[in-house]
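So the structure is just underneath, and the comments pick up after that.
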2 protein chains.
Amino acid sequence: MPVIDFWYEFASTYSYPAAMRIEALAAAQGVELRWRPFLLGPLFAEQGWRDSPFNVYPVKGRYMWRDLQRLCDALKLPLARPDPFPQNSLLAARVALALPDAKRAAFSRAVYAAEFGQGRTISDPASLAELLRAIGEDAEATLARAQAPDNKAALKAACEQAQALGLPGAPCFVTSDKEVFWGNDRAEQALDWALRL
Amino acid sequence: MPVIDFWYEFASTYSYPAAMRIEALAAAQGVELRWRPFLLGPLFAEQGWRDSPFNVYPVKGRYMWRDLQRLCDALKLPLARPDPFPQNSLLAARVALALPDAKRAAFSRAVYAAEFGQGRTISDPASLAELLRAIGEDAEATLARAQAPDNKAALKAACEQAQALGLPGAPCFVTSDKEVFWGNDRAEQALDWALRL
């Protein structure tokens, strides 16, 4: 079965529509999906950015929010801006990674729906605990696993892998031959590529 | 008849596939196309870039060339990198603007085909004269008109309009209600928008 790694960052705006639509798309094409949370912070720091490029470059930022609104309208997804933007996504990424594969997608979609669908904060343990409970997970146990040294190390390794793959941002779709497709709007192209391998 | 302004920059890589495919797309949908050459230099300078962001940020640059190769393969367009990249596009933009509307598209496609299809330089008068002759234009007269004060002023005004519209890069498609769509991959969305107005 063809497989795609879906690399996403919880603070990333375009990862929101991608996360909400990629599972159905992949399933319809018979492509296996692996949910790979990571952090853009280390990659952006290498480029000299200490903030989202959408804040660093206001013209790009203004365009992005308008473009995202149009995309969400077309997908019938609500859109609200979290404050502050970007949200600190470290704990959410650790929680996603600490979950078993079967629960990671549902949790990740719940985070995006709260953050960009309702504009809620996703950076604190209480908010994430509520989302974990909503998908039927033991919040305290999961948060403890998320903060354990081995899980922290696993997220760090994922970020290093993202860097080694040359991911320029998020979301990215990566096929088994390490072909990188960047952006929500490249999902279909990535699936086509995976099917041709 | 619905109308779209196609804003393009001769040094811009993604403007190449856009320029090669937009006319047929627009014609098929019954949308009038206005070719609007402009320069990204003044916009980028405002962001603090003195070079293409694809050179300033090598990770983005590496991704862009790979992504562009895939796009060109799918469109059966040849791709060659001009050296240096980016090319100085000032004179080409002035020439495009100095041409009558009916000749601007053919000249612009000829420039892109030479620059990104064959990797040729487009910055000097001799190269542009050759391209003008190939589309049946009087090269010397056109180059003289291109460098006349009123034409230089017209290009400057176009760049100011691009800035006022908030164009974040090139290519952009702008509908009559000033909705901005950035990127070759937004052409279809822009046409849909124009048709709904």
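The values are calculated or read from the model by the stated rules, or taken from the named source; none is laboratory data. Everything quoted here is computed from the prediction, not taken from an experiment. Because the Cβ atoms are built from the backbone with ideal geometry, glycine has one as well, and the counts that use them run over all protein chains shown.
Just to be sure I understand, how many residues within the range B:169-197 are in a loop (DSSP other than H, G, I, E, B) and either small (Gly, Ala, Ser) or surrounded by fewer than 21 Cβ atoms within 10 Å (Cβ to Cβ) (or both)?
The qualifying residues number 8.
Which residues, taken from the range A:58-87, are in contact with an Asp or Glu (Cβ under 9 Å, 6 or more places away or on another chain) and not small (Gly, Ala, Ser)?
A:59, A:66, A:70, A:71, A:79, A:82, A:86, A:87 - these are the residues of the range A:58-87 that are in contact with an Asp or Glu (Cβ under 9 Å, 6 or more places away or on another chain) and not small (Gly, Ala, Ser).
Does residue B:98 satisfy the criteria of being more than 13 Å from chain A (Cβ to nearest Cβ) and surrounded by 20 or more Cβ atoms within 10 Å (Cβ to Cβ)?
yes
Each row is one residue, and each column tells you yes or no for (1) in a helix (DSSP H, G or I); (2) surrounded by 13 or more Cβ atoms within 10 Å (Cβ to Cβ); (3) more than 14 Å from chain B (Cβ to nearest Cβ); (4) free of Cβ contacts under 8 Å to residues at least 60 places away in the same chain.
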| position | (1), (2), (3), (4) |
| --- | --- |
| A:120 | no, yes, yes, yes |
| A:123 | no, yes, yes, yes |
| A:127 | yes, yes, yes, yes |
| A:144 | yes, no, yes, yes |
| A:153 | yes, no, yes, yes |
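Could you check how many residues of the range A:155-184 are farther than 15 Å from residue A:38 by Cα, more than 9 Å from chain B (Cβ to nearest Cβ) and not polar (S, T, N, Q)?
Looking only at that region, the number is 2.
Going by the structure shown, is residue B:162 at pLDDT 95 or above and either surrounded by fewer than 18 Cβ atoms within 10 Å (Cβ to Cβ) or over 29 Å from residue B:30 (Cα atoms) (or both)?
In short, no.
Yes or no: the range A:61-71 includes at least one residue that is out of contact with any Leu (no Cβ under 9 Å at 6 or more places or on another chain), buried (at least 18 other Cβ atoms within 10 Å of the Cβ), over 27 Å from residue A:155 (Cβ atoms) and within 14 Å of chain B (Cβ to nearest Cβ).
For the range A:61-71, residues out of contact with any Leu (no Cβ under 9 Å at 6 or more places or on another chain), buried (at least 18 other Cβ atoms within 10 Å of the Cβ), over 27 Å from residue A:155 (Cβ atoms) and within 14 Å of chain B (Cβ to nearest Cβ): present.
For the range A:34-51, name all the residues that are within 17 Å of the chain's Cα centre (by Cα) and either assigned to a helix (DSSP H, G or I) or buried (at least 20 other Cβ atoms within 10 Å of the Cβ) (or both).
Within the range A:34-51, A:35, A:36, A:37, A:38, A:39, A:40, A:41, A:42, A:43, A:44 qualify.
Here are the criteria: (1) within 27 Å of residue A:143 (Cβ to Cβ); (2) buried (at least 18 other Cβ atoms within 10 Å of the Cβ); (3) within 14 Å of another protein chain (Cβ to nearest Cβ). Tell me which single one residue A:93 does not satisfy.
(3)
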